[in-house]
Amino acid sequence: MVLMSAFLFCFVKMFSQSDAFLGFLPKGVVSKKINATSKWVNSLESRTVVRDNEYLFSQSLVDISSIYSTKTFENQSFNFGYILRFRNFETIHRTFQHYNFVNNYSSLNVGHRFAFEQFYQTNKKTTYRTRYRVSAVKPLNGERVDVKELYFKLGNEYLYDFKDADLEVRVTPYIGYQATKYDKIEFGIDYRISNFINNSSENQFWFRTTWYISLD
Amino acid sequence: MKINNLFFLLGIMSFCSVFSQEKFEKEYRVKPHEVPEKSLEFIQSLNLKKKLKWYAEESNDGKTFEAKTCHKKHNFSIEFDENGTLLDVEKRVKFSELTEGIQQKIEVALSKKFKKYSIKKIQIQYSGEQAEIYAKLFKSKKSKSTVYVKYEIIVKGKKEKLFNNYEVLINTAGEIEKELSIKSFNSINLQF
């Protein structure tokens with residue numbers, strides 16, 4: 001309820017601004033089990049801006065990531081990853097560390113992710129960012145998500161950039177479809193509001209689609 | 001841009017995978033008029049005061065119906081076959097609510113099976129004559145020997161190096177009748 005209210009607040013606020021970004025964020029995530037406790041996760045994400053202050057339909061950036069994930073307990077894991085970002089004519093390297101834990105309730109699964117990120121760029125100082133995300137998955141029918149069933153996923157994330165002293169908040173309602181035992185696809189909105197602290201908020205409104213494939 | 005073509009290809013592959021064959025197993029909510037009449041009559045005879053939810057479960061083994069409700073501060077799950085015949089009733093309890101004798105038997109059985117363990121959920125499972133189950137559970141009358149009692153326990157247990165979740169069925173003699181490893185929920189979309 002609180003998350004839905006936050007989303008509605010952000011949605012209304014976004015449309016009251018004329019400088020809102022609009023775009024597409026397609027993403028593919030492929031995971032492969034290495035052994036009983038670890039897996040290797042790779043992803044490819046593209047960002048296409050539909051509308052901003054200057055451009056109409058432009059390729060904004062491409063992210064390629066590789067993550068090693070290891071389970072410490074049955075519902076907890078640590079991830080160590082690297083992202084290569086191509087943005088216009090520059091390349092940004094990012095390393096990150098995640099700590100995740102997932103709680104299962106009767107028909108609700110709630111995941112928490114704590115992250116710390118480092119950004120490296122030629123001729124620029126290394127910058128740091130921390131983030132926390134909570135997301136919940138609820139089947140649209142029954143108590144668990146079965147194959148060929150739809151589910152609802154709601155996420156709320158807070159990102160703090162140490163260099164710019166900027167807080168960004170993301171609210172992400174998605175509809176997901178468990179296509180087979182090994183893959184699921186999600187469609188939804190990724191709403192981002194940044195520059196909270198400086199009181200000159202920027203709004204971004206992305207249509208996101210993510211395809212998760214498991215090669216286990 | 002080339003990358004868009006790649007995502008188009010990924011989309012086509014996803015579409016194809018949607019139609020690939022899988023082992024069939026599905027659980028979903030159903031309305032009272034969709035369940036067998038016999039099961040509905042039994043539930044109505046209980047005069048339950050709290051809200052009741054009906055579920056159907058389909059698998060390669062067949063179809064069952066399950067009514068879930070709360071009665072006298074306990075969660076109940078009442079399962080029927082496709083014809084509406086009562087299969088069993090499960091009553092969720094706390095470990096401390098069991099008699100000391102049963103607690104000890106369960107502890108001994110689990111200690112033999114696991115190096116370390118913690119109990120996450122216990123349900124007392126009643127099966128047998130429908131009328132006897134009705135009398136025992138919902139009219140608080142003493143049951144005859146036609147009601148069979150077992151304990152379905154969800155355990156977080158360690159056998160080798162890692163903890164895993166197990167569903168263990170223990171009888172009143174403290175013998176483990178069934179043990180299933182529970183595959184954890186695939187939470188990749190909550191982590192990445």
**Message:** Checking the structure you have, find out if any residue of the range A:2-16 is within 21 Å of A:PHE187 (Cβ to Cβ), modelled with pLDDT of 65 or more and crowded, with 17+ Cβ neighbours inside 10 Å.
**Reply:** no
**Request:** Just name the residue that is nearest to B:TYR28 (Cα to Cα) out of those in the range A:132-179 that are among the aromatic types (Phe, Trp, Tyr) and either within 11 Å of another protein chain (Cβ to nearest Cβ) or assigned to a loop (DSSP other than H, G, I, E, B) (or both).
**Result:** A:TYR151
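For the range B:93-192, which strands (runs of 3 or more DSSP E) that fit wholly inside it have 1 or more residues that are at negative phi and in contact with a Lys or Arg (Cβ under 6 Å, 6 or more places away or on another chain)?
Numbers: elements: B:116-128, B:147-158, B:163-171, B:176-182.
Here the list reads B:116-128, B:147-158, B:163-171.
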**Prompt:** Which of the residues belonging to the range A:90-122 are of a type outside the set (A, V, I, L, M) and part of a loop (DSSP other than H, G, I, E, B)?
**Reply:** A:TYR105, A:SER106, A:SER107, A:GLN121, A:THR122
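Only one of B:ILE170, B:ILE188 is more than 9 Å from chain A (Cβ to nearest Cβ) and aliphatic (A, V, I, L, M); which? Break it down into steps so the answer makes sense when it comes.
Details: B:ILE188 fails: more than 9 Å from chain A (Cβ to nearest Cβ).
It is B:ILE170.
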**Prompt:** Are any of the residues in the range A:181-202 surrounded by fewer than 18 Cβ atoms within 10 Å (Cβ to Cβ), under 17 Å from A:GLY111 (Cα atoms), touching a strand residue (DSSP E or B) at 6+ places or on another chain (Cβ under 6 Å) and not small (Gly, Ala, Ser)?
**Reply:** no
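Filter the range B:103-129 down to residues that are more than 17 Å from the chain's Cα centre (by Cα) and crowded, with 18+ Cβ neighbours inside 10 Å and give me whichever is modelled with the lowest pLDDT. Steps first, answer last, please.
Taking the range B:103-129 as the starting set, the residues that turn out to be more than 17 Å from the chain's Cα centre (by Cα) are B:103-118, B:128-129.
Narrowing the set further to residues that are crowded, with 18+ Cβ neighbours inside 10 Å leaves B:105-106, B:109-110, B:114, B:117, B:128.
Details: B:LYS105: 96, B:ILE106: 96, B:ALA109: 95, B:LEU110: 96, B:PHE114: 93, B:TYR117: 94, B:GLY128: 86.
The qualifying residue modelled with the lowest pLDDT is B:GLY128.
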**Request:** Examine the range A:78-99 for a residue that is crowded, with 16+ Cβ neighbours inside 10 Å, β-branched (Val, Ile, Thr), within 22 Å of A:ILE34 (Cα to Cα) and within 11 Å of chain B (Cβ to nearest Cβ), and state whether such a residue exists.
**Result:** no
**Fill in**
Of (1) at positive phi; (2) within 12 Å of chain B (Cβ to nearest Cβ), A:THR72 satisfies every one except (1)
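The values are calculated or read from the model by the stated rules, or taken from the named source; none is laboratory data. All values reported here derive from a predicted model rather than from experimental measurement. All Cβ positions, even for glycine, are placed from backbone atoms using ideal geometry, and neighbour counts span all protein chains on display.
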